[in-house]
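Worksheet for the structure shown next.
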Amino acid sequence: MKSVPHRFIATACTLGGFGVPCHAAQNGTVPGLPMVTLLAVLWLLLLGFTFHGLLRRRVKLDGHYIELQTQLLREQAARVLAERAQADTHAMLCTLVAQQEKVRELERNRIGRDIHDDLGQSLLALKIELSMLHVSTNGAHPVINDKLGRMIASLGMTIKSLRAIINDLRPAALDAGLQSAVERQLDEFSRINGIRCELNAGEHAFDGGGDDTVDTIVFRILQESLSNVVRHAHATEVKIALHRCDEHLTMRVQDNGVGMPCKRASHGCGLLGMQDRVKAIGGEFEIDSKPGAGTVLSLTIPLARPALTH
């Protein structure tokens, strides 16, 4: 066996900076060197395993983060598509409801014209004949003349009721515009029922721009509201506020009547019908009523029709 060179032994003597004497290294005895080396190796292994574990965890977390981010992007894209589909469906529904309302009004107008031209003319002709017969029996047949007078009065009430039905089916006042129809309705309502009406209309409240659907809905709801006031509110005063801006039309009908219980405020009295009419065209309908505190009916109708997106 060859002897170890002195230069190697000298280098080994300073291993680890312990300054081991050369004669100890030459004799093969290095005090404490195996334990220090073992601890250093174990420490390096521990650091290596720790770093390797942290690196693997970081890679795993990065992969999980990328997967979650991809899933989030997919969900966001799906949500955008769902919202777009919902908007398209709502716009289509509003269009269909507007068409349905238009067809309904056309049918109402047709029925009103038929009643006026057929039944109305027949009743008017019958009243004329009865009037002539009533005049001819005056003084000659008192009993018959009296009966004919009662028949003519009853027939006059029937014709009046028929005209009211025709006006409900086909409000001729709307032909002259919403303002004329509202003012005429309020004047007639005050005259017949003795309830004072106050109209507060904004500067551009009646600038409808030819939107017959909105004007018809507003007028119908006003008619139904006033009818409810007569039947249920027992009010002495009704205030109507009507305002129009570029995008919305708002109407508020307030009375000083007896109010409605909570259950009745949400059901009956034609309120559900009015609510359906407003919500069908994308509007909002609210009722605020308490017993003894009157009733406030508010509605907001969008003037701009939503356009279908492609």
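The values are calculated or read from the model by the stated rules, or taken from the named source; none is laboratory data. On a predicted model such as this, the values are computed, not experimentally measured, just so you know. Positions of Cβ are backbone-derived with ideal geometry, glycine not excepted, and every protein chain shown enters the neighbour counts. All accessible areas refer to the heavy atoms of the entire protein, side chains included, with ligands and DNA or RNA removed. Shrake-Rupley method; radii C 1.70, N 1.55, O 1.52, S 1.80 Å.
Mind checking whether some residue in segment 131-140 is open to solvent by less than 50 Å² (accessible area, probe 1.4 Å) and part of a helix (DSSP H, G or I)? Yes, some residue in segment 131-140 is open to solvent by less than 50 Å² (accessible area, probe 1.4 Å) and part of a helix (DSSP H, G or I). Gly120 - would you say it is surrounded by 11 or more Cβ atoms within 10 Å (Cβ to Cβ), of a type in the set (Gly, Ala, Ser) and within 46 Å of the chain's Cα centre (by Cα)? Taking the combined requirement at face value, the residue satisfies it. Scanning segment 81-91 for residues that are among the aliphatic types (A, V, I, L, M) and modelled with pLDDT of 85 or more yields Leu81, Ala82, Ala85, Ala87.
A search for C-beta distances below 8 Å between a residue of segment 165-190 that is in contact (Cβ under 8 Å) with a residue 40 or more places away in the chain and any residue that is among the acidic types (Asp, Glu) and surrounded by fewer than 18 Cβ atoms within 10 Å (Cβ to Cβ), counting only pairs 6+ apart in sequence or on different chains, returns Leu174/Asp212. For segment 194-209, state whether one or more residues are more than 21 Å from Arg104 (Cβ to Cβ), open to solvent by 20 Å² or more (accessible area, probe 1.4 Å) and of a type in the set (Lys, Arg). Looking for residues that are more than 21 Å from Arg104 (Cβ to Cβ), open to solvent by 20 Å² or more (accessible area, probe 1.4 Å) and of a type in the set (Lys, Arg), one finds at least one in segment 194-209, hence yes.
Across segment 212-263, the qualifying residues are those that are in contact (Cβ under 8 Å) with a residue 12 or more places away in the chain and basic (Lys, Arg), and the one among them that is nearest to Asn200 (Cα to Cα) is Lys239. If you go through segment 78-108 and pick out every residue that is within 16 Å of the chain's Cα centre (by Cα) and among the basic types (Lys, Arg), you end up with 0. Checking Ala153, Ala176 one by one, the residue that is open to solvent by 50 Å² or more (accessible area, probe 1.4 Å) and either at positive phi or over 46 Å from the mean Cα position of the chain (by Cα) (or both) is Ala153 and no other. Against the test of being modelled with pLDDT under 85 and within 15 Å of Arg277 (Cβ to Cβ), the options Val214, Val253, Val218 yield a single qualifying residue, Val214.
Scanning segment 67-95 for residues that are open to solvent by less than 100 Å² (accessible area, probe 1.4 Å) and among the aliphatic types (A, V, I, L, M) turns up Leu68, Leu72, Ala77, Ala78, Val80, Ala82, Ala85, Ala87, Ala91, Leu93.
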